[in-house]
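Structure record follows, encoded as structure tokens.
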Amino acid sequence: MRPSLIVPVGSTEQHGPHLPLDTDTRIAEAVSRSVAEELRAQTIPGVDQPTWLVASAISFGASGEHESFPGTISIGLAALEHLLVEFGRSACNWAGRIVFVNGHGGNVAALTAATMLLRAEGRDVAWCPCAAAGADAHAGHTETSVLLHLSPADVWVDESVVGNTAPLPELLPALRRGGMAAVSPVGVLGDPTTATAADGSRIFAEMVESSVRRISAWQPSSGGMLA
């Protein structure tokens, strides 16, 4: 049986004054590794299970809304889509199934388009988000808590400041027109000052559980996302 492949997809972009540029990539990588461990542990009597491998992360994404902040590198939706398609075509020469595990919301359109094309070409490819209920949008309580759990030495707690805490749907029109700086001069959506490692452990476990459930069920939507 050919192996199955988990591919972390992140970004390189500002995450306020307190989080590293690779926050999304770190989360996607950590979720992917934990998901692979849990999938490897699953056994069904009398049924051969595929070997689950984790690829090196795709660490540059579509982050155009953050480009006014130093450190951000965005390759844009078109380039990301092309990268994902060629990655999938190449890996499917030896992998029986591929799932992209996404840590950055700006990548969704490229993931959807690339996955739909790969599936139309007959490849067993899908994607899933690093999702948790009630998560705030960017560099707030959610991501800061998860990083305090995963790599606390890289969180500059003393530099954390409250960002724009309005609901994301209210901010989207201005965000699309003027980028992150138009809605948050500090590049934060949410409140990182309330973050804790304990919350991060809980949120991270929810991300892993959600991804394991989606991948185990393997029911891609019309856009390729696992339900």
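Between residue 90 and residue 78, what length in nm is gained on full extension when 0.36 nm per residue of separation is reduced by their alpha carbon distance?
Length difference between fully extended and current span is 2.5 nm.
With +1 on the Cβ of every Lys and Arg and -1 on the Cβ of every Asp and Glu, and nothing else charged, how large is the dipole of the chain about its Cα centre, in debye rounded to the nearest 20?
780 debye
Report, to the nearest 10°, how far helix 23-41 tilts away from the longest principal axis of the Cα atoms in the chain, using its own Cα long axis and a range of 0 to 90°.
Orientation of helix 23-41: about 30 degrees from the principal axis.
For 90, 216, 4, 184, what ranking results if the residue with the fewest other Cβ atoms within 10 Å of its Cβ goes first?
If I rank by nearby Cβ atoms, fewest first, I get 90, 216, 4, 184.
So how much slack lies between residue 51 and residue 222, counting 0.36 nm per residue of separation and subtracting their Cα-Cα distance, in nm?
Answer, rounded to one decimal: 58.9 nm.
Where does the Debye-calculated log10 I(q)/I(0) of segment 4-217 sit at q = 0.14 Å⁻¹, using only Cα point scatterers of equal weight, no solvent?
Treating every Cα as an identical point scatterer, log10 I(q)/I(0) equals -0.83.
Just rank 116, 207, 180, fewest to most, by other beta-carbon atoms within 10 angstrom.
116, 207, 180
Of 124, 22, 154, which is the most mobile in a GNM of the chain whose springs link Cα atoms less than 10 angstrom apart?
Of 124, 22, 154, the Gaussian network model singles out 154 as fluctuating most.
By how many degrees, 0 to 90 and rounded to 10, does the Cα axis of helix 168-178 deviate from the longest principal axis of the chain?
Orientation of helix 168-178: about 80 degrees from the principal axis.
As I understand it, the value is the acute angle between the Cα axis of helix 76-91 and the longest principal axis of the Cα atoms of the chain; what does it come to in degrees, rounded to 10?
20 degrees
Can you work out the FRET efficiency for the pair residue 161 and residue 209, with r the C-beta to C-beta distance and R0 = 35 Å, to the nearest 0.05?
Values: r = 31 Å, r/R0 = 0.89.
After rounding, the FRET efficiency stands at 0.65.
Among 110, 57, 135, which one shows the highest mean-square fluctuation when the chain is modelled as a Gaussian network with alpha-carbon springs under 10 Å?
Answer for the Gaussian network model of the chain: 135.
Just report the Cα centroid separation between segment 147-178 and segment 59-92, whole Å.
If you average the Cα positions of each part, the centres end up 21 Å apart.
Could you work out the equivalent-ellipsoid semi-axes for segment 12-125, taking the square root of 5 times each eigenvalue of the Cα gyration tensor, largest first, in whole Å?
Values: eigenvalues 165, 71, 16 Å².
Rounded to whole Å, the semi-axes are 29, 19, 9.
For a quick check: sort 111, 118 by the number of other beta carbons within 10 angstrom, fewest at the front. Don't skip to the end; give the middle numbers.
On the way: 111 26, 118 23.
Placing the least packed residue first, the sequence is 118, 111.
So who's got an amide H within less than 5 Å of the one on residue 54, skipping anything under 5 residues away but keeping other chains? H placed 1.01 Å off N, in plane.
Correct list: 6.
Each value in this text was obtained by applying a stated rule to the coordinates, not by laboratory testing. Treat the numbers as computed from the prediction; the structure is a model and nothing was measured. Note that each Cβ is placed from the backbone with ideal geometry, even for glycine, and that neighbours are counted across all protein chains shown.
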